[in-house]
1. Considering every residue within the stretch 105-116, establish whether at least one is outside any helix (DSSP H, G or I), under 18 Å from the mean Cα position of the chain (by Cα) and under 20 Å from T157 (Cβ atoms).
2. Among A35, A27, A44, which is the only one that is farther than 15 Å from H222 by Cβ, in contact (Cβ under 8 Å) with a residue 12 or more places away in the chain and open to solvent by 10 Å² or more (accessible area, probe 1.4 Å)?
3. For a quick check of your reading of the model, give me the residue pairs whose first member lies in the stretch 62-85 and is over 16 Å from E37 (Cβ atoms) and open to solvent by 20 Å² or more (accessible area, probe 1.4 Å), whose second is of a type in the set (V, I, T) and assigned to a loop (DSSP other than H, G, I, E, B), with beta-carbon atoms closer than 6 Å and at least 6 apart or on different chains.
4. Which residues, taken from the stretch 179-233, are among the β-branched types (V, I, T), open to solvent by 20 Å² or more (accessible area, probe 1.4 Å) and away from the ligand (no atom under 15 Å from the Cβ)?
5. Which members of the stretch 117-135 meet the condition of being assigned to a loop (DSSP other than H, G, I, E, B) and open to solvent by 80 Å² or more (accessible area, probe 1.4 Å)?
6. Has the stretch 41-62 got at least one residue that is assigned to a helix (DSSP H, G or I), away from the ligand (no atom under 16 Å from the Cβ), at pLDDT 95 or above and closer than 14 Å to H16 by Cβ?
Amino acid sequence: MQQVSDAIFRLGRRFHNFYLIVEGGRATVVDAGGARELPLLEAALTAEGLSLDDVEALLITHGHTDHIGFARRAAELGVAVKVHEDEAPFIRDKSAGTQVRPTEVPFWRPRAIVFMVEMMRAGAHRDYRFDDFETVTDGEELDIPGRPRVVATPGHTAGHASYLFKGHRALCSGDALVTDSVIWPGRGPQIMPTIFHADEALARESARTLSSLPVDLLLPGHGEPWRGPIADAVAAATA
Ligand SMILES: [Zn+2]
């Protein structure tokens with residue numbers, strides 16, 4: 001667990017992240033890592049004197065298996081899971097979206113191998129589709145800790161959403177804007193490699209729309225958090 005700010009914690013492993021936001025003894029979680037990673041969240045909550053019962057919502061950025069991992073289990077345990085309405089079909093049914101085709105992953109890259117092993121250990125190679133969630137819409141401000149606003153960022157997947165925590169000047173960008181491609185070397189703000197996107201052109205367009213947000217803490221789905229004006233991050237990523 002890495003404490004990113006007074007209220008925000010980064011969980012996950014080297015190559016993939018999910019986030020815990022704590023405010024007033026209550027919590028919001030963004031993304032659900034791999035299926036075997038619920039204990040990481042529980043440990044982080046315990047360290048803050050909290051439990052799963054204090055999680056008001058688990059927000060999902062998109063339906064890839066390294067982001068919805070333990071969401072189904074969390075829902076079974078009573079956590080309210082929220083998903084952008086356009087992503088809902090993919091959360092319910094794998095065939096409604098595009099998964100990364102393993103044959104396209106460049107396994108000769110050492111980082112790709114490390115990433116894939118990390119995903120296997122996290123349980124992210126197994127699919128946990130489910131339908132026990134609520135949907136949210138673009139622009140909606142959620143009355144949960146951090147008061148996140150839903151920012152539709154389609155392209156990586158059809159209904160990918162980012163979450164703006166305005167009071168913290170932070171954006172959980174999922175895979176709309178990352179700081180590590182997990183395959184190619186080179187850190188810093190970037191768009192994920194082509195093979196990971198449903199619609200790369202749309203993903204780039206969505207990333208550009210993030211420029212105007214009041215954000216100077218980028219919390220990506222992959223890679224280290226990044227500090228600075230988000231317009232700079234977007235410019236670097238889409239240059
Ligand atoms: Zn991802």
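1. Residues of the stretch 105-116 outside any helix (DSSP H, G or I): 105-109.
Those still in the list that are under 18 Å from the mean Cα position of the chain (by Cα) too: none.
The answer is no; no qualifying residue exists.
2. Values: A27 fails: open to solvent by 10 Å² or more (accessible area, probe 1.4 Å); A44 fails: open to solvent by 10 Å² or more (accessible area, probe 1.4 Å).
A35 is the lone residue from the list that is farther than 15 Å from H222 by Cβ, in contact (Cβ under 8 Å) with a residue 12 or more places away in the chain and open to solvent by 10 Å² or more (accessible area, probe 1.4 Å).
3. As it stands, the answer is E85/T137, since those pairs meet every condition given.
4. Taking the stretch 179-233 first, the residues among the β-branched types (V, I, T) are 179, 182-183, 191, 194-195, 209, 215, 230.
Keeping just the survivors that are open to solvent by 20 Å² or more (accessible area, probe 1.4 Å) gives 194-195, 209.
Matches in the stretch 179-233: T209 only.
5. If the condition is that a residue be assigned to a loop (DSSP other than H, G, I, E, B) and open to solvent by 80 Å² or more (accessible area, probe 1.4 Å), then H125, R126, D131, D132 are the ones that fit.
6. Step one: filter the stretch 41-62 for residues assigned to a helix (DSSP H, G or I), giving 41-47, 52-54.
Pick out the ones that are also away from the ligand (no atom under 16 Å from the Cβ) and you get 41-47, 52-54.
Filter once more, keeping what is at pLDDT 95 or above: 41-47, 52-54.
Then drop every residue that is not closer than 14 Å to H16 by Cβ, which leaves 41.
Yes, the stretch 41-62 contains at least one residue that is assigned to a helix (DSSP H, G or I), away from the ligand (no atom under 16 Å from the Cβ), at pLDDT 95 or above and closer than 14 Å to H16 by Cβ.
The values are calculated or read from the model by the stated rules, or taken from the named source; none is laboratory data. Not measured: the values here are computed from a predicted model. Please note: Cβ atoms are built from the backbone with ideal geometry, for glycine as well, and neighbour counts cover all protein chains shown. All accessible areas refer to the heavy atoms of the entire protein, side chains included, with ligands and DNA or RNA removed. Shrake-Rupley method; radii C 1.70, N 1.55, O 1.52, S 1.80 Å.
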